[in-house]
Amino acid sequence: MSTTPTPPVTDADAAATPAPRSRGVSDRARIARKRLSNPWASGIALVLAVLWTIPTLGLLVTSFRPELEIRRSGWWTIFGDVFSGEAQFSLDNYETALFGSSTNLGSYFLNSIVITLPAVIIPITLALLAAYAFAWIEFPGRDFLFVAVFALQIIPIQITMIPLLSAYVSAGVAGTFWTVWLSHSIFALPLAIFLLHNFMKDIPASLVEAARVDGAGHVKIFFRVMLPLLVPAIAAFGIFQFLWVWNDLLVALVFTGATPDVAPLTVRVAELAGSRGGDWPVLSAGAFISMVVPLVVFLGLQRYFVRGLLAGSVKG
Amino acid sequence: MDWFLGTDTATQKLVGMAVAILLFVVVMGVILLAVDRPRRVPRWVVVAAFVGPALLLLAFGLVYPGIVTIRASFYDKAGSTFVGLDNFVTAFTNEQFLIVLRNTAVWVLLVPVAATAFGLIYAVVVDKSRWEKLAKALVFLPMAISMVGASIIWKFVYEFRPDQPGVNQIGLLNQLLVWLGIPPQQFLITQPQNTIFLIVVLIWIQTGFAMTLLAAAIRAIPDDIVEAARLDGLTGLGMFRYITVPSIRPALVVVLTTIAITTLKVFDIVRTMTGGQFGTSVVANEFYTQSFRQNNAGLGAALAVILFVLVIPIVWYNIRQMRLSEDVR
């Protein structure tokens with residue numbers, strides 16, 4: 001990893017996957033740590049972890065309570081009620097939020113999916129191709145172009161929005177999914193090219209040379225040699241981009257114009273928070289409907305997730 | 001064109017998405033197939049096939065709009081009359097915008113420092129605790145959800161009910177105040193401290209990021225250094241002050257600057273929690289309001305340019321530190 005100028009990636013790698021050859025050492029380290037494990041430290045860690053979880057827990061509990069109960073008492077009373085057997089739970093809030101005619105989050109959920117898939121596949125494919133050329137094809141101006149692409153990362157996406165929007169309007173695609181797909185793809189490219197280039201550079205030159213001697217062109221080398229070796233990197237960045245698009249508010253708000261036909265969940269939920277600020281039954285369920293996919297990804301793919309997020313944390 | 005751009009029914013949306021992906025795959029496939037003849041195709045054609053699409057998109061979507069926006073920042077509302085630096089003068093002298101700039105400064109000062117401090121404490125403590133994995137996951141969890149979701153979670157914590165007999169508080173923070181015998185507060189409306197309550201949300205989110213990076217850095221401190229310090233009699237706080245912190249200094253700087261960049265562009269939290277009302281707006285939110293709600297394109301562009309100029313030194317320092325920490329290793 002010596003050519004990677006982003007310590008976050010290497011650090012995350014080191015944390016996520018201990019090198020197999022040093023298993024003996026890491027075993028000893030673990031035993032040593034256990035010996036050093038300090039009851040005070042454990043206590044503070046536990047308190048902080050609980051403190052960090054309470055806000056989320058409160059809204060989660062609320063989303064399963066009947067509407068009347070939510071208005072009448074705080075969510076914490078549920079713990080007393082559970083013991084006295086008076087606690088009531090229901091899925092009504094979720095039903096109202098998903099299918100109620102005034103909220104209808106179900107159709108926004110679909111929009112989120114339709115927006116996210118192409119907005120992940122397109123930039124990663126384009127970035128892989130560009131990264132390959134920057135890493136393994138010699139051409140004049142290559143270093144200059146690569147530095148230029150790298151430097152584009154500092155452009156805040158805000159600065160591009162008004163001109164992009166008018167370009168979409170004059171192309172006649174304003175208010176369609178194409179605007180969001182294209183915008184997300186464009187905004188992802190500088191970071192994606194830079195990171196994937198670093199991973200590609202780490203692949204031994206001898207492998208590429210051997211393929212070239214066998215008569216393979218760049219396209220064959222790309223598909224047969226590079227892609228299989230890059231699967232972990234692609235997965236890490238793919239998850240990061242997936243969450244970035246799924247959780248995004250600004251890009252969707254500007255380019256979809258918040259119309260129900262194309263706007264994603266985040267836009268609708270943020271809108272509900274403004275227009276129906278006190279309607280906690282719908283808001284609490286709505287918030288968790290918009291968060292369930294990221295939460296599943298986080299719990300299921302935590303290792304890749306942390307790696308991807310750290311690698312891409314400077315984006316935006 | 002309906003099958004291509006239509007968004008009326010669920011099927012239409014899914015078909016549209018499938019068509020878009022297919023179209024993309026086919027176009028890229030044709031391009032790559034065309035250049036897949038090692039000796040007959042000139043090299044520049046191969047290069048163009050690989051980097052061309054990405055560079056075209058970047059030129060169309062980042063470089064060109066960037067230049068247009070910088071130019072627009074010197075023009076008026078409608079973008080027709082040149083007004084020199086008027087937009088910037090407005091942004092730096094008008095009372096309403098001075099509040100915006102003040103808020104942004106408070107955000108950028110508080111969030112990185114607090115999140116890094118919590119992250120560092122947590123990284124040190126959790127390293128020596130049981131349930132390490134679970135505790136880390138719980139603190140990192142806010143990083144996974146959207147800032148919109150996080151804002152709603154906290155809006156509920158801050159929820160206010162009028163202080164009357166028979167009315168129970170349903171927001172946790174106000175209930176805590178009531179238990180302590182203090183009257184409930186309108187946390188999100190009372191200026192100027194409402195900005196602080198918004199800032200808490202981003203600190204809550206970013207602490208997990210800081211913790212993960214710093215925990216990895218702490219683990220990478222060589223054992224012999226720690227051992228030598230221990231033989232010299234360093235323990236607890238001394239160890240933290242003289243060994244841990246100096247050893248992870250580069251990581252600390254990277255974490256601080258990375259969070260600072262995120263903070264400078266914060267938009268979702270302000271938009272969702274207050275909409276920028278009650279004196280809580282920040283530059284990124286004001287950019288949105290001016291550009292897309294007030295239709296003041298010139299001022300919006302100027303705010304975007306200000307954001308750009310503010311980000312540059314932090315990014316530059318961030319990259320420099322990453323390079324330095326590379327050299328150390």
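Each value in this text was obtained by applying a stated rule to the coordinates, not by laboratory testing. Keep in mind that what you see is a predicted model, and the values were worked out from it rather than measured. Positions of Cβ are backbone-derived with ideal geometry, glycine not excepted, and every protein chain shown enters the neighbour counts.
Summary of values
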{"item": "Efficiency of FRET from Cβ geometry, B:Val113 and B:Arg230, R₀ 30 Å, rounded to 0.05", "result": "0.50"}
{"item": "Largest-first ellipsoid semi-axes for the range A:233-289, taking √(5λ) over the Cα gyration tensor eigenvalues, angstrom", "result": "25, 15, 8"}
{"item": "Paramagnetic label zone (point 7 Å from Cα along Cα-to-C-beta, B:Trp44; backbone N under 20 Å) in the range A:123-162", "result": "A:130, A:133-146"}
{"item": "Projected label distance in nm at B:Trp316 and B:Arg293, using a 7 Å step from Cα toward the beta-carbon", "result": "3.4 nm"}
{"item": "FRET efficiency, 1/(1 + (r/R0)^6) with R0 51 Å, evaluated for B:Gln193 and A:Lys201 via beta carbons", "result": "0.55"}
{"item": "Residue-by-residue Karplus 3J(HN,Hα) for the range B:149-160, coefficients 6.51, -1.76, 1.60, Hz, glycine and proline x", "result": "x, 4, 5, 5, 4, 7, 4, 5, 4, 8, 3, 10"}
{"item": "Against the rule of thumb 2.2 N^0.38 Å, how large the Cα Rg of the range A:67-186 comes out", "result": "1.80"}
{"item": "Charge sum, other residues only, whose C-beta stays under 13 Å from B:Gln185's C-beta, Lys/Arg counted +1 and Asp/Glu -1", "result": "-1"}
{"item": "Binned Cα-Cα distance frequencies in the range B:229-299 - 10 Å width, integer %", "result": "17, 27, 18, 16, 13, 7, 2"}
{"item": "Label-to-label distance, nm, for residues given as B:Phe60 and A:Phe83 (7 Å Cα→Cβ offset)", "result": "6.5 nm"}
{"item": "In sequence order, calculated HN-Hα J values of the range B:225-240 (Karplus, 6.51, -1.76, 1.60; Hz; x Gly/Pro)", "result": "5, 4, 4, 4, 5, 5, 5, 6, x, 7, 9, x, 4, x, 4, 4"}
{"item": "For the protein assembly as shown, the Rg and Dmax computed from alpha carbons only, in angstrom", "result": "25.7, 87"}
{"item": "Positive-pole candidate from B:Ile205, B:Leu22, B:Asn168, dipole of chain B, charges at beta carbon", "result": "B:Leu22"}
{"item": "Sequence-distant residues sharing a close amide H with B:Tyr75 (under 5 Å, placed H)", "result": "B:Val83"}
{"item": "Environment charge at A:Gly274 (Cβ cut-off 12 Å; Lys +1, Arg +1, Asp -1, Glu -1)", "result": "+2"}
{"item": "Full-stretch length increase - B:Phe92, B:Thr11 - with 0.36 nm per residue and alpha-carbon distance subtracted", "result": "24.2 nm"}
{"item": "Gap separating the Cα centres of the range A:266-303 and the range A:183-215, nearest whole Å", "result": "36 Å"}
{"item": "Unit charges on C-beta of K, R, D, E only; dipole of the range B:184-329, Debye", "result": "280 debye"}
{"item": "A:Phe139-A:Trp76 FRET efficiency (beta carbon distance; Förster radius 51 Å; 0.05 resolution)", "result": "0.20"}
